[in-house]
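Computed from the coordinates by the stated procedures, all read-outs in this text should not be read as laboratory data. Predicted model only: the values in this text are computed from it and were never measured. Positions of Cβ are generated from backbone atoms using ideal geometry, with glycine treated the same way; all protein chains shown enter the neighbour counts.
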Amino acid sequence: MNPMEEMTTMSLPMWALFTNSSQLYYNPNTTVAPNFLTKPKACEQLNIATEVFLILGIISLLENILVIYAIIKNKNLHSPMYFFVCSLAVADMLVSVSNAWETIIIYLLTNRQLIVDDHFIRQMDNVFDSMICISVVASMCSLLAIAVDRYVTIFYALRYHSIMTHRRAVLIIGAIWTFCTGCGIVFIMYSDTTPVIICLVSMFFTML
């Protein structure tokens, strides 16, 4: 293989090595076996059935509904910590609903049972991505609020009820969801920019 042919082969995109057209780049004068180029061993993609996502989404949805129902019905659980647990359950429930709806939409589009234009598909994708971003950030913030509440309970046990009141817990939950909604909107508007991705990843590892 002369230098020009070698440069052409090395500059091919990765997907070209896994297509049937790779025979076009085979030089019979080379010492490489033809089977190496014509039959590459690529990583196989694992396709998970749509029913699996739907079943997991329904189970998660029912579990979180039971958690919220138990907190609402049991007056002994009307404390700030369980308010944060309820916020966490709502965030997880939003993840389940958004993933289930996205799976259903993808199934309908794949089987030609739902025909819409590309612009509408992009808008739906943005909505689902925004919901997932909001719910994930809200879940992390709710876990952080639970951790702070437990910290106050342990180290300021005698002053806990004066520090963590019901009003403050509601204000914290409202601030969490306002912040998460803003994160979801910013994520959709500037999802292609590096600073937004860095901020989301940094916030995730900071809360860990």
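Taking every C-alpha pair closer than 8 Å and separated by at least 6 residues, the mean separation divided by the residue count of region 50-207 gives a relative contact order of 28 percent. Take the alpha-carbon centre of region 53-129, take the same for region 134-208, and report the distance between them in whole Å. Answer, in whole Å: 19. Put simply, the Cα atoms of region 138-179 extend 31, 19, 9 Å along their principal axes, the longest span coming first. Each residue of region 76-90 was assigned a 3J(HN,Hα) from its phi angle through the Karplus expression (A = 6.51, B = -1.76, C = 1.60, θ = phi - 60°), giving 5, 9, 7, 10, x, 4, 6, 5, 5, 5, 5, 4, 5, 5, 5 Hz with x at Gly and Pro. Here the peptides 169-178, 104-113 are ranked by packing, the mean other Cβ count within 10 Å, and the order with the highest first is 169-178, 104-113. Fully extending the segment from VAL127 to VAL97 would add 9.6 nm, taking 0.36 nm per residue of separation and subtracting the current Cα-Cα distance. Amide hydrogen proximity for TYR190: with H placed 1.01 Å from N in the peptide plane, no residue at 5 or more positions away or on another chain lies under 5 Å.
In plain terms, the C-alpha convex hull of region 50-207 casts an average shadow of 11.3 nm² when viewed from every direction. With the simple spin-label model, which puts each label point 7 Å out from Cα in the Cβ direction, the THR165 to LEU62 separation comes to 4.2 nm. Only Cα pairs under 8 Å and 6+ residues apart enter the sum, and on that basis the relative contact order of region 82-171 stands at 48 percent. Altogether, the Stokes-Einstein calculation at 25 °C and 0.890 mPa s, with the Kirkwood radius of region 43-134 over Cα pairs as Rh, returns a diffusion coefficient of 162 µm²/s.
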